[in-house]
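Shown next, in structure tokens, is the structure this report addresses.
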Amino acid sequence: MSLATAGRDRMVADRARPHRGPARWRRTALTGMATLLVVTPFLWMLSLAFKPPTEVFTYPPRLLPQQPTLDNFVYVWETTNIPVALTNSLVVSFLTVLVNCLVATAAGYAFARVDFGGSKLLFILVLGSAMVPAVVQLIPLFLVTRHFPLAGGNDILGQGGTGLLDTHAGLLLPLLVQPLNVFLARQYFLDMPDELADAARVDGAGELRIFWRIYLPLGKPIVATIAVLSFTGAWEDFLWPLVVVSSPDMQTLPLALSSFAASGVVQYGPLMASTVIAIVPALLIFLAGQRHFVHGLGSGGVKG
Amino acid sequence: MLPAVAALVVVTLLPIAYGFYLSLTSYNPVERGGPRFHGLDGYVAVLSSGQFWQAVLVTIQYAAGTLILTVPAALGLALLVNGRFPGVALFRSMLFLPRVVSLVAVSMIWLWLYSRDGLFNYVLDLVGLPPVSFLTDEDTALLSLILMRAWKALGGGMIIFLAGLQAIPKDLLEAAAVDGCGRWRQFRHVTLPLLVPITIYVVVVDVIYLAQSFSEIYILTSGGPLSSTTVVNMLIYKEAFENYRLGHASAMAFLLFCLIFALAYLNIRVLSRGGRR
């Protein structure tokens, strides 16, 4: 290191040292206050969920319940549609995850490593379809669901009944294949070395076997990413269930919450307890997949 | 694997094609006879309806208002948590929390915050102002939705800006410091220009999502009062599933697609020009 740069380095070091001692804690305090402001709505959600009904309307509102209670959760569990909706949401979300992890990885693999006629053009079309607003597909999918042949009293031409409307299958239909997941899987498999496949091919393995036994097991991060994305997608979906579901038995959690909130005088205690119930599974899935998730998304942008 | 590709085509591409066909028809499933083809008449009817343009205006206001609030705040938070100090990891994940929670759940919480006895009216009372019916007053409903949505979008924006900040080479800031730039001028002339591409990304992705807003609006205001919060997606839903005009609604859906495309393109143009200056 020459003398000149050494001198410059000292100057830089002097400037780059503002976060020491009290200054560090000043920044903690400032960031802490900003964070507190951002999470305030969640604190009130928890507060209301654990308050007895008598405390909900006390003035001034208190953040800390004086007599914390689980009554709201018990009430929600025993008298509302939330348990049914929770079951429906879990069934639909987990089936969505299962199918997406299989279909999106298989389709992604096909686009990345198998050259079939028109594969490039088809991939561009599929990727383009991911940019079309969901509402464009909403009405066609609704008609397909309603006129699904031989389901819900329909004849072979899809007339006469209600098709898959108001069924789990109907809820699942548009969630089964999601173009974004296919895109992520394709990018991931593009980055993997060809030699693995070549070696297996020499040993006489077919393409399906190569995918299933070699590439898929190596693709855990991308499977985790697809799992998290498709779970949250299904868990949060609102517009499609709103259109397809008509009976309380088929409601998913977002629908149950929304009809809860719309029912005349809102009972905020039970409503917030239900909201907590709706948030926790999504939060757990996110935390479980977080590490893989960031990695999987990061690999998406590397190769075009 | 080919069956997977086939499924993909059936579930994504065919509905779009069918939707486009429907947009060229007049179709009310309550009447007999299926879709009746009438060419571009549906588009002409939509484009000449005041209701549609009103919804376009509300959609643009909603997206623009949310972005104006959320982008600077997200950048501010990213600058705040870009560094090493006690508690920074915890703060980052807590600030990201609104991003992980669904819009429907968020709407439930804000329903209380905005209610007559909710937090916002309590704060107004503390400073001696009269209560406001945030969600049922024509003057405040859209603004209240914007505030909620901006809060929801903060965490996601922050994380992306943080990634952008961490990708800025330290030498550049040091070189600026050597040349006598203070912290503000380092930020203004080094950090900010380097953040332009990532800002474009944040804005464009948010525009695409915001222009499709539906659930929070359906839950909190159902488009009212007096259609002051009826965005295009809300109008499409009402046309299709309350008035059963499926052809008409499909035409609106394709026009919404054009609107989103135009807004995204406009933002890319404006922001990248701003970055060159």
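The values are calculated or read from the model by the stated rules, or taken from the named source; none is laboratory data. Note that the structure is a prediction, hence the values are computed from the model and not measured. Neighbour counts run over all protein chains shown; Cβ positions are idealised from the backbone, glycine included. Surface accessibility is based on the protein's heavy atoms, side chains included, excluding ligands, DNA and RNA. Shrake-Rupley method; radii C 1.70, N 1.55, O 1.52, S 1.80 Å.
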**Prompt:** Which number in (1) within 11 Å of another protein chain (Cβ to nearest Cβ); (2) more than 18 Å from the chain's Cα centre (by Cα) marks the one condition that B:P193 misses?
**Reply:** (1)
**Request:** Inspect the stretch A:211-222 for any residue being open to solvent by less than 30 Å² (accessible area, probe 1.4 Å), at negative phi and under 16 Å from the mean Cα position of the chain (by Cα) and give the result as yes or no.
**Result:** yes
**Out of A:A34, A:A6, sole residue that is in a helix (DSSP H, G or I) and at pLDDT below 90** = A:A6
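Might you let me know whether the stretch B:21-42 holds any residue that is of a type in the set (V, I, T), within 9 Å of another protein chain (Cβ to nearest Cβ) and open to solvent by less than 40 Å² (accessible area, probe 1.4 Å)? If you could, list the steps in order and put the result at the bottom.
Residues of the stretch B:21-42 of a type in the set (V, I, T): B:25, B:30.
So of that shortlist, the ones also within 9 Å of another protein chain (Cβ to nearest Cβ) come out as none.
No, that holds for no residue.
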**Odd one out for B:S222, checked against (1) open to solvent by 30 Å² or more (accessible area, probe 1.4 Å); (2) within 12 Å of chain A (Cβ to nearest Cβ); (3) outside any loop (DSSP other than H, G, I, E, B)** = (3)
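So in the stretch A:176-210, with the set limited to residues that are farther than 19 Å from A:S230 by Cβ and within 10 Å of chain B (Cβ to nearest Cβ), which one is surrounded by the most Cβ atoms within 10 Å (Cβ to Cβ)? Reasoning before the result, please.
Kept after step one, since they are farther than 19 Å from A:S230 by Cβ, are these residues of the stretch A:176-210: A:190-210.
Filter once more, keeping what is within 10 Å of chain B (Cβ to nearest Cβ): A:207-208.
Details: A:E207: 16, A:L208: 12.
Among residues in the stretch A:176-210 that are farther than 19 Å from A:S230 by Cβ and within 10 Å of chain B (Cβ to nearest Cβ), the one surrounded by the most Cβ atoms within 10 Å (Cβ to Cβ) is A:E207.
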**Request:** Inspect all residues belonging to the stretch A:155-168 and state whether any of them is among the charged types (D, E, K, R) and either in contact with a Gly (Cβ under 6 Å, 6 or more places away or on another chain) or within 11 Å of another protein chain (Cβ to nearest Cβ) (or both).
**Result:** no
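Somewhere in the stretch B:179-194, is a residue more than 28 Å from B:L80 (Cβ to Cβ) and in contact (Cβ under 8 Å) with a residue 40 or more places away in the chain? Show your work before the answer.
Step one: list which residues in the stretch B:179-194 are more than 28 Å from B:L80 (Cβ to Cβ), which gives none.
The answer is no, given that none of the residues of the stretch B:179-194 is more than 28 Å from B:L80 (Cβ to Cβ) and in contact (Cβ under 8 Å) with a residue 40 or more places away in the chain.
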**Message:** For the stretch B:226-247, which positions are among the small types (G, A, S) and facing chain A (nearest Cβ under 10 Å)?
**Reply:** B:A240, B:G247
**Message:** Looking at the stretch B:109-129, I want the residues that are among the aliphatic types (A, V, I, L, M) and have a partner that is open to solvent by 40 Å² or more (accessible area, probe 1.4 Å) with Cβ atoms under 7 Å, at least 6 apart or on another chain. Which pairs are those?
**Reply:** B:L113/B:F120; B:L124/B:P131; B:L124/B:V132
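Give, as residue ranges, the helices (runs of 4 or more DSSP H) completely inside the stretch A:64-137 that count at least 1 residues that are closer than 28 Å to B:N233 by Cβ and open to solvent by 20 Å² or more (accessible area, probe 1.4 Å).
Numbers: elements: A:71-79, A:82-113, A:119-129.
Hits in the stretch A:64-137: A:82-113, A:119-129.
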